[in-house]
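To keep things clear, I will list the structure first and then write my remarks on it.
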Amino acid sequence: MIPPASHPLFPTGTPPAGLTLTPVALTGRQLVLAVCRLSLLDEAAVTRRLGDEERQRLAGLRHARRRREWLGGRLAAKEALAGILLLAGGIRHGADIEIRTGRHGEPQPAAPALFVSISHSGDYAAALASRQCRCGLDLQVLTPSLEAVRSRYCGANELRLLARLGRHLPPLARLGILWTTKEAHRKAAGGWPLPSLTAIRVVGGSLKARHLELHVCDDAERSALTRAWLTDDAAWAVTCISLPGTAFRRTVRPAFPDLLSQK
Ligand SMILES: CC(C)(COP(=O)(O)OP(=O)(O)OC[C@H]1O[C@@H](n2cnc3c(N)ncnc32)[C@H](O)[C@@H]1OP(=O)(O)O)[C@@H](O)C(=O)NCCC(=O)NCCS
């Protein structure tokens, strides 16, 4: 990641401790990923930035660990949204955007046409922000539980694909990639209920210099390109799905052949 001190998304001032911001270009869209290290989080400073509804929500969180990860997610979301607005308008807005919580737990920025997705695991809380398209982010520290529940989210074709694309990766890392790819897609798809993990299929992809690019589709015929990568201890995936009626879906779908069905 780019060191925050020299980052153009922080043209003035210093970023909060432990926070990095990274622009991500995906299918012609510009998204912003914010990652926060929970061990460096200044809870009091983040709490001061919360809006009324967010304060109420925080007051309902009893466990220290949950409060910390929730605050880390809010900080990352506010910074990612500020980054998106900066990219769109060239200025950093003074006020933080409040992030409300939807009926099913989904984060909803209190501003039009902006989207944000939040994930936390281990020492990380992170958020991905986008404009005009729904985005999804998932991160997962690599733990043996990924192996224990693999039958809930892994298809045989997907495992073969990941073994081919990620032959240099340990098996647990491949499972982490598959898990986060599907969870990111679920969050971007939205609606209720969220699509199940088995309704989402990874059907193709390619290995890039520092990440995997995976073609994902689901039972509702949504298709998306997902970027997945690994850090020392975690798997990460980001995606975006265009809003209905935009050109993205029409133009991208034909480019996603089901590579695995070609024997
Ligand atoms: C949403 C879900 C995919 C999150 O995955 P997870 O691996 O448990 O946890 P992650 O850390 O990756 O993500 C948690 C974040 O997802 C977001 N989230 C929660 N529900 C969401 C939804 N329906 N759609 C999109 N994002 C959602 C939240 O921002 C949450 O963080 P926060 O509560 O601190 O704001 C998972 O919890 C799920 O399937 N939930 C089903 C919805 C549900 O049970 N809702 C209960 C309330 S009705």
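Each reported figure results from applying straightforward, stated rules to the coordinates on display, with no laboratory input. Predicted model, so just to flag it, every value in this text is computed and none were measured. Backbone-built Cβ (ideal geometry, glycine too); neighbour counts: all protein chains shown.
Could you list all residues from the stretch 80-93 that are more than 14 Å from the chain's Cα centre (by Cα) and either within 13 Å of the ligand (Cβ to nearest atom) or within 18 Å of Leu19 (Cβ to Cβ) (or both)?
Ala82, Gly83, Ile84, Leu85, Leu86, Leu87, Arg92, His93
Pull up the stretch 102-143, narrow it to residues that are hydroxyl-bearing (Ser, Thr, Tyr) and touching a residue at least 60 places away in the same chain (Cβ under 8 Å), then point me to the one that is farthest from the ligand (Cβ to nearest atom).
That would be Ser130.
If I ask for residues that are on the phi > 0 side of the Ramachandran plot and of a type in the set (A, V, I, L, M), which ones from the stretch 100-151 would you list?
Hit for the stretch 100-151 is Ala113, nothing else.
Which one of Val202, Val149 is hydrophobic (A, V, I, L, M, F, W, C) and within 16 Å of the ligand (Cβ to nearest atom)?
The conditions single out Val149.
For the stretch 138-150, state whether one or more residues are farther than 21 Å from Ser117 by Cα and crowded, with 18+ Cβ neighbours inside 10 Å.
yes
Which residues, counting only those in the stretch 177-199, are touching a residue at least 40 places away in the same chain (Cβ under 8 Å) and more than 12 Å from the ligand (Cβ to nearest atom)?
Within the stretch 177-199, Ile177, Thr181, Thr198 qualify.
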